[in-house]
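The values are calculated or read from the model by the stated rules, or taken from the named source; none is laboratory data. Source: prediction; values computed, not measured. Virtual Cβ from ideal backbone geometry, glycine too; neighbours counted across all protein chains shown.
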Amino acid sequence: MEHKIDLTELTLSLASLMSVTGHTRYSKDKLLELVSPYFDEIRETRLGCYHLIRRCGKENAQKILVDAHFDEIGMIVTEIKEKGFLTVTSIGGMDTRILQASEVIIYGEGREIYGVVGSTPPHLQKPGESGKLKDITELLIDTGYSKEELEKYVSIGTPIGFRPVYTKLRNNKIAGKGFDDKACAAAAIAAVAEIPADELWGDVYVQLSNFEEAGGFMSGAQTGAYEVNPICAIVADVDLGSTPDTKKSETVPLDGGVSLSTGPITDKRLTALLRKLADEKEIKHQMSVTAGGTGTNTMVVNLVRNGIPTVDIGLPLRSMHTSNEVISMNDAAAMRDIIALFVTSPEIEKEVCPNE
Amino acid sequence: MSETKILEGLELLKHLSLVFGPTGSEEEVADEIIKQLENTDAQIIRDRMSNVFAVLHGKNRPEKTVMLSAHMDEVGFIIKDIDGEGYIRFGCLGGIDSRVLCGRKVTFRGKEGDVSGVIASKAIHHQSAEERKNATKANDMYVDIGATSREDAESVLLRGDSGTFDSEFVIFGENDGYAKCKALDDRLGCVVMIETLRRIKEEGIELPFDLVCAFTVREEIGISGATAAAHRFRPDYAIVLETTAIADLPDVPKNSRVSEVGNGGVVSLMDRSTIYNRDFVDGAMKIAEENGIPAQIKRYVSGGNDAGHIHKTADGTRCLAISAPTRYLHSASCVISIKDFESIKSHVYAILTSYQF
């Protein structure tokens with residue numbers, strides 16, 4: 001199939017936007033500019049999710065929810081110190097071991113300010129200090145401003161994100177910030193945007209949800225799904241990629257394809273059916289087994305209203321919650337293709353709407 | 001052959017800082033420096049270990065030799081092993097705090113060109129409570145180049161290949177007063193020497209001594225090419241141009257900060273490798289004061305540099321060190337003040353033209 005959307009380009013465009021949890025409106029205009037050509041209607045929910053709606057044209061059409069969260073981990077300013085150094089705290093599960101010497105953007109009032117996360121040089125450390133990891137509240141961000149000048153743009157609560165710089169690695173892999181979960185959002189958008197309306201079996205609501213990274217309450221996806229009231233849902237989020245220091249049972253390898261979550265909370269029949277259909281279409285996929293919660297919006301979406309049958313799919317990603325997350329665009333393309341399959345397949349429609 | 005573009009000031013600093021030159025692989029830096037020295041009157045010598053010397057003979061066959069010295073190498077990485085899944089295990093070239101490694105991008109120089117990667121360890125989701133408190137050791141990290149297997153990785157990189165941080169040159173801060181890059185340690189010193197030689201030519205002066213500008217190799221591992229430089233020229237005086245790690249951060253007491261960014265070049269009294277010649281130090285500070293050039297005395301005994309080798313080679317050399325105060329030294333994001341860069345150039349020129357050697 002010819003793709004009219006360059007998935008890598010869309011992934012990088014979305015990932016580079018500032019969307020630190022709780023501050024997703026910052027990039028609203030840029031987001032709408034990117035996605036509005038492809039959708040019939042865009043709505044914003046009370047809790048800051050965006051519903052990108054694509055209609056199938058049928059009367060009384062069913063609604064299909066495709067969820068990917070738009071928010072990303074980041075930091076906020078807690079104090080402005082002498083010589084324009086900032087202290088911060090994290091939003092979301094920040095991996096503090098990657099922070100020192102990293103580059104950030106401080107999203108100030110009317111000005112985006114470059115900063116470097118400071119560190120004490122080894123020559124000046126006390127014995128034993130280098131073995132300890134600093135708490136995020138002990139780190140300082142160096143802006144190169146005077147305190148007085150900085151206070152014109154920055155205040156307590158100003159959000160900070162990683163500087164968006166992307167690097168190509170081998171074998172169609174890329175490294176950079178914000179792929180969790182905007183790479184999945186890009187796959188969802190690309191999938192839904194490319195399908196002719198009459199091939200959709202229902203109206204598709206791509207939900208770019210908010211508050212996924214904020215302490216696990218996932219309130220954006222929960223209330224957004226309530227508002228849509230879909231017949232079924234597919235939740236797309238990143239999945240922990242295999243590395244030499246992790247167990248194979250807890251991770252999925254990159255280039256292994258899109259992962260399909262299997263466990264107590266995902267819909268068994270839909271998941272099995274999607275797997276079979278993906279085999280037929282030769283979409284590369286793998287199984288990701290979770291004993292309890294998936295750690296994704298599936299945990300809340302499947303319990304909305306009377307319960308929503310939910311499939312949970314994953315994009316393998318290494319170095320999660322860092323400024324250099326690594327994904328394979330081969331897997332991202334597989335994710336796009338499996339979402340397209342989900343919203344077009346008559347077998348899926350029959351499974352969720354047996355009486356029609 | 002491409003035409004050499006002569007660059008100046010910050011453009012030259014940016015250009016040289018981005019050149020690949022981890023300890024032991026300084027050849028490309030040497031090539032670039034030689035090109036940039038083209039329009040000076042110095043005689044260029046390149047020795048077997050790739051030290052570069054620019055020699056400017058003084059008036060009337062002078063007796064004395066003064067050496068300026070800066071090192072070309074930067075901290076970096078060397079591939080020690082490539083594992084079965086194509087991850088790169090590395091050693092550090094020079095002293096790098098393991099806490100500034102994880103998450104940073106690196107570039108390895110392979111046989112067919114550069115290979116990008118990210119230094120990684122397991123995701124926070126898989127770290128135990130204990131692991132989250134302690135820094136990961138460098139030898140527990142690996143570089144992810146996106147390889148699919150050992151064979152795939154070995155098609156572009158081999159054990160023994162070297163790498164550096166992958167870091168852009170960024171001008172930032174109030175009034176664009178700061179620069180951030182890898183390798184400012186010590187390409188900044190190299191630029192100061194190049195621009196000093198150019199200024200001597202522009203001003204049309206003849207020095208009353210032979211001046212040697214030594215661009216040296218392997219400073220970062222301490223087994224330094226500066227020893228060979230000092231032995232070859234036996235200078236009476238040497239000025240080591242460096243960057244020095246400082247901690248002018250809030251909450252650090254003044255006496256532990258070493259010095260302050262923006263207050264001029266840092267003149268050392270003593271560090272972990274040298275006790276400097278006090279007359280030379282006092283004379284240099286007096287010249288700064290008389291000329292209204294910002295300069296500051298290093299307030300803390302820390303670090304070391306090529307003066308440690310130069311001052312005790314052959315029958316000894318009187319040494320001075322002037323360093324740019326640098327935040328986050330030996331990381332991907334070294335930060336200097338552009339004002340300090342200018343102050344150091346003025347200070348070095350003033351010393352060469354007015355100190356009684």
Practice problem: Mind listing whichever residues of segment B:96-110 are at pLDDT 90 or above and on the phi < 0 side of the Ramachandran plot? | Solution: B:Ile96, B:Val100, B:Leu101, B:Cys102, B:Arg104, B:Lys105, B:Val106, B:Thr107, B:Phe108, B:Arg109, B:Gly110
Quiz prompt | Residue list for segment B:240-270, filter: within 13 Å of chain A (Cβ to nearest Cβ), outside any strand (DSSP E or B), among the aliphatic types (A, V, I, L, M) and at negative phi | solution = B:Ile246, B:Ala247, B:Leu249, B:Val252, B:Val261
Quiz item: Filter segment A:153-200 for residues that are over 22 Å from the mean Cα position of the chain (by Cα) and free of Cβ contacts under 8 Å to residues at least 24 places away in the same chain; which is nearest to A:Asp337 (Cα to Cα)?
Solution: A:Pro196
Quiz prompt | Within segment A:289-318, tally of residues that are in a strand (DSSP E or B) and either modelled with pLDDT of 95 or more or touching a helix residue (DSSP H, G or I) at 6+ places or on another chain (Cβ under 7 Å) (or both) | solution = 9
Quiz item: Taking segment B:47-86 on its own, how many of its residues are under 23 Å from the mean Cα position of the chain (by Cα) and among the small types (Gly, Ala, Ser)?
Solution: 5
Practice problem: Please state which of the following conditions A:Pro354 fails to meet, knowing it meets all the rest: (1) part of a loop (DSSP other than H, G, I, E, B); (2) touching a residue at least 24 places away in the same chain (Cβ under 8 Å). | Solution: (2)
Quiz item: Residue check, B:Ala129 against (1) hydrophobic (A, V, I, L, M, F, W, C); (2) exposed (fewer than 15 other Cβ atoms within 10 Å of the Cβ); (3) more than 30 Å from A:Gly295 (Cα to Cα), all met but one. Which one?
Solution: (3)
Quiz prompt | Identity of the residue in segment B:143-154, facing chain A (nearest Cβ under 9 Å) and surrounded by fewer than 24 Cβ atoms within 10 Å (Cβ to Cβ), that ends up modelled with the highest pLDDT | solution = B:Asp152
Quiz item: Which residue pairs have Cβ atoms closer than 7 Å, lie 6 or more positions apart in sequence or on different chains, and pair a first residue in segment B:336-352 that is touching a residue at least 24 places away in the same chain (Cβ under 8 Å) with a second residue that is surrounded by fewer than 20 Cβ atoms within 10 Å (Cβ to Cβ) and basic (Lys, Arg)?
Solution: B:Tyr349/B:Arg199
Exercise. Hey, can you tell me all the residues within segment A:319-336 that are buried (at least 23 other Cβ atoms within 10 Å of the Cβ) and in a helix (DSSP H, G or I)?
Key: A:Asp331, A:Ala332, A:Ala334, A:Met335, A:Arg336
Self-check item: Members of segment B:1-48 that are assigned to a strand (DSSP E or B) and either in contact (Cβ under 8 Å) with a residue 60 or more places away in the chain or in contact with a Leu (Cβ under 9 Å, 6 or more places away or on another chain) (or both)
Solution: B:Pro22, B:Gln43, B:Ile44
Practice problem: Mind counting the residues in segment B:106-121 that are facing chain A (nearest Cβ under 8 Å) and buried (at least 22 other Cβ atoms within 10 Å of the Cβ)? | Solution: 5
Quiz prompt | Subset of segment B:169-191 (residues that are crowded, with 18+ Cβ neighbours inside 10 Å, assigned to a strand (DSSP E or B) and touching a residue at least 24 places away in the same chain (Cβ under 8 Å)) | solution = B:Tyr178, B:Ala179, B:Lys180, B:Cys181
Quiz item: For segment A:88-135, what are the residues that are part of a helix (DSSP H, G or I) and within 7 Å of chain B (Cβ to nearest Cβ)?
Solution: A:Arg97, A:Ile98, A:Pro122, A:His123, A:Leu124, A:Ser130, A:Gly131
Practice problem: Go through (1) within 7 Å of another protein chain (Cβ to nearest Cβ); (2) under 30 Å from B:Asn139 (Cα atoms) one by one and return the number of the condition A:Glu138 breaks. | Solution: (1)
Quiz item: Applying the selection to segment B:25-56, what residues are at pLDDT below 95 and touching an Asp or Glu at 6+ places or on another chain (Cβ under 7 Å)?
Solution: B:Ser50
Exercise. Would you be able to say whether some residue in segment A:252-267 is assigned to a helix (DSSP H, G or I) and farther than 16 Å from A:Arg336 by Cβ?
Key: no
Exercise. Output the number of the condition that A:Gly57 fails; it satisfies all remaining conditions of (1) farther than 23 Å from A:Arg305 by Cβ; (2) of a type in the set (Gly, Ala, Ser); (3) surrounded by 21 or more Cβ atoms within 10 Å (Cβ to Cβ).
Key: (3)
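Listed here are the residues, each with its yes/no results for (1) over 19 Å from B:Glu26 (Cα atoms); (2) among the polar types (S, T, N, Q); (3) not in a loop (DSSP other than H, G, I, E, B).
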position: B:Gly146; (1), (2), (3): yes, no, no
position: B:Glu151; (1), (2), (3): yes, no, yes
position: B:Val156; (1), (2), (3): yes, no, no
position: B:Gly163; (1), (2), (3): no, no, yes
position: B:Ser167; (1), (2), (3): no, yes, no
position: B:Met193; (1), (2), (3): no, no, yes
position: B:Glu206; (1), (2), (3): yes, no, no
Quiz item: surrounded by fewer than 17 Cβ atoms within 10 Å (Cβ to Cβ), among the polar types (S, T, N, Q) and at the interface with another protein chain (Cβ under 8 Å from one of its Cβ atoms), is that true of A:Ser146?
Solution: yes
Quiz item: Only one of B:Ser331, B:Ser302, B:Ser323, B:Ser273 is assigned to a loop (DSSP other than H, G, I, E, B), closer than 27 Å to B:Ser98 by Cβ and touching a Gly at 6+ places or on another chain (Cβ under 9 Å); which?
Solution: B:Ser273
Exercise. Might you check whether a residue that is free of Cβ contacts under 8 Å to residues at least 24 places away in the same chain, closer than 23 Å to A:Gly84 by Cα and in the same structural domain as B:Ser224 (by TED's automatic domain parsing) occurs anywhere in segment B:252-260?
Key: yes
Practice problem: Check A:Lys177 against each of (1) within 9 Å of chain B (Cβ to nearest Cβ); (2) surrounded by 21 or more Cβ atoms within 10 Å (Cβ to Cβ); (3) more than 24 Å from B:Asp248 (Cα to Cα); (4) of a type outside the set (S, T, N, Q) and name the one condition it does not meet. | Solution: (1)
Self-check item: Selected residue (criterion: surrounded by the most Cβ atoms within 10 Å (Cβ to Cβ)) from residues of segment A:196-245 that are in a strand (DSSP E or B) and β-branched (Val, Ile, Thr)
Solution: A:Val235
Self-check item: Matching residues in segment A:108-143 - criterion: being touching a residue at least 24 places away in the same chain (Cβ under 8 Å), under 13 Å from B:Phe172 (Cβ atoms) and surrounded by fewer than 17 Cβ atoms within 10 Å (Cβ to Cβ)
Solution: A:Arg111
Quiz prompt | Residue that is nearest to the other protein chains (Cβ to nearest Cβ) [pool: residues in segment B:298-334 that are of a type in the set (D, E, K, R) and in contact (Cβ under 8 Å) with a residue 24 or more places away in the chain] | solution = B:Arg327
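Here is a yes/no grid of residues against (1) in the same structural domain as A:Gln222 (by TED's automatic domain parsing); (2) among the charged types (D, E, K, R); (3) over 19 Å from the mean Cα position of the chain (by Cα):
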{"residue": "A:Gly48", "(1), (2), (3)": "yes, no, no"}
{"residue": "A:Gln62", "(1), (2), (3)": "yes, no, yes"}
{"residue": "A:Asp67", "(1), (2), (3)": "yes, yes, no"}
{"residue": "A:Ile80", "(1), (2), (3)": "no, no, yes"}
{"residue": "A:Gly84", "(1), (2), (3)": "no, no, yes"}
{"residue": "A:Thr87", "(1), (2), (3)": "no, no, yes"}
{"residue": "A:Gly93", "(1), (2), (3)": "no, no, no"}
{"residue": "A:Ala101", "(1), (2), (3)": "no, no, yes"}
